[in-house]
């Protein structure tokens, strides 16, 4: 079992499935240095402060539009935000609106934020699939089949869970918490004709791991088990025979996608009067430099979690198909007939500072 260090190069969001409502589930405040913070409300602690006899008054006040911090201040004037919060996170959003909701980051039973091994493994699977599909023109024969992606994936990895070669890649969870968590507001760079590219109409607050946080997780390629079971499984891709080969493949995959992103938005740079495309390009160039500085065979950059976008979620390996615009795009883009004058995908999810989400660096600590 290899020990792998994972470092967040940008903010990362892996959702728990819970969405918090401002005023009820989370409230704003200031820390000792005057920085904006958010408290994730702990109802038990609130009740302990205001007293059970005031429970009905609390519920009535919330229904009437008052926030939890106002209610606590009424019944326990000296209470601090930390006393009735499950955790305190920084607020990097420019403002918090009364109608805002916050999507929670996933935590374990001890309250630690983590990146599940399944998220890391899924991103690795996409990178390997994209590598397998590269320059395979024969795969386009499946383009008009609604199950094309599934068929092609089964072709390379196996037809079911028993024959799937990713059975032999074991990835552990990566537990963080040495650094702080924060809330960011996600917005869009949206390629449009009659409006600027900076689009804040569909913003969303996310709880994120901050950049430069680190953790260690376990990863193992069980090639010895594969050798014993290979007659009943798909052929193990070459890049999955050793960790150095796997890391090389991942890093090249990420490098290719980032370079394509830079090329794509450079062509549209002059159409944007907000300057945000320039900012986005600068962020992508910084990430490309990180990828290119990785030690061969020992380090790689991967993208995980929310905000990754269609190209990184799928690997974008169908973009070279001649029928891409007529088969893949209509299936992937809702109301495609309204946007046929635009390339797909035409939006990128970023935060208010035009920072992207989801980039992590993996380094082999021990093999």
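Values in this text are rule-based calculations from the coordinates and carry no lab data. Note that this is a predicted model, so its numbers are computed, not measured. Positions of Cβ are generated from backbone atoms using ideal geometry, with glycine treated the same way; all protein chains shown enter the neighbour counts.
The table below gives the values:
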read-out	value
Computed lengthening from residue 110 to residue 241, 0.36 nm per intervening residue step minus Cα-Cα distance	43.6 nm
Segments 9-16, 40-47, 186-193 sorted - mean Cβ within 10 Å per residue, highest first	9-16, 186-193, 40-47
Peptide ranges 19-28, 77-86 listed from the most packed, as the mean C-beta count within 10 angstrom indicates	19-28, 77-86
Sequence of 4, 364, 89, 313 once ranked by neighbouring C-beta atoms within 10 Å, starting from the fewest	313, 364, 89, 4
Proxy reagent accessibility, fewest Cβ within 10 Å first, across 181, 292	292, 181
Using alpha-carbon coordinates, inclination of helix 117-133 to the longest axis of the chain, degrees	30
Between the stretch 1-21 and the stretch 91-154, the alpha-carbon center distance in angstrom	12
Rounded to 10°, Cα long-axis angle of helix 243-266 versus longest principal axis of the chain	70
For the stretch 286-343 versus the stretch 160-210, the gap between their alpha-carbon centres in whole angstrom	14
Between helix 276-292 and the chain: long-axis angle, C-alpha atoms, 0 to 90°, nearest 10	60
11 Å cut-off, amide nitrogen to a point 7 angstrom out along residue 366 Cα→Cβ, residues in the stretch 1-39	1-4
Cα Rg, Dmax (largest Cα-Cα span) when computed across the stretch 154-194, Å	20.2, 52
Efficiency of FRET between residue 55 and residue 35 - r from beta-carbon atoms, R0 41 angstrom, step 0.05	0.80
Exposure proxy ranking, count of Cβ atoms within 10 Å, fewest first, for 131, 118, 363, 2	118, 2, 363, 131
P(r) weight above 19 Å for the stretch 23-96, C-alpha pairs, percent	30
Angstrom value of the Kirkwood radius, inverse mean 1/r, which spans all Cα pairs in the stretch 1-43	13.7
Two-site FRET efficiency, residue 274 against residue 323, from Cβ-Cβ distance with R₀ of 35 Å, rounded to 0.05	0.55
Expected 222 nm ellipticity per residue - DSSP helices of 4 or more, -39500 (n - 2.57), all of the chain, to 500	-9000 deg cm²/dmol
Whole-number D in µm²/s for the stretch 85-134 (Stokes-Einstein; Kirkwood sum over Cα pairs; 20 °C, 1.002 mPa s)	148
Viscosity 1.567 mPa s, temperature 4 °C, Stokes-Einstein D of the stretch 211-367 from Kirkwood C-alpha radius, µm²/s	72
Rg ratio (alpha-carbon, reference 2.2 N^0.38 Å) - the chain	1.12
Two-site label geometry, residue 154 and residue 286: point separation in nm, points 7 Å out along Cα→Cβ	4.4
Choice from 203, 91, 163 showing the highest fluctuation, given a GNM over the chain with Cα pairs closer than 10 Å	163
Cut-off 16 Å, label 7 Å out along Cα→Cβ of residue 48, residues of the stretch 55-73 by amide N	72
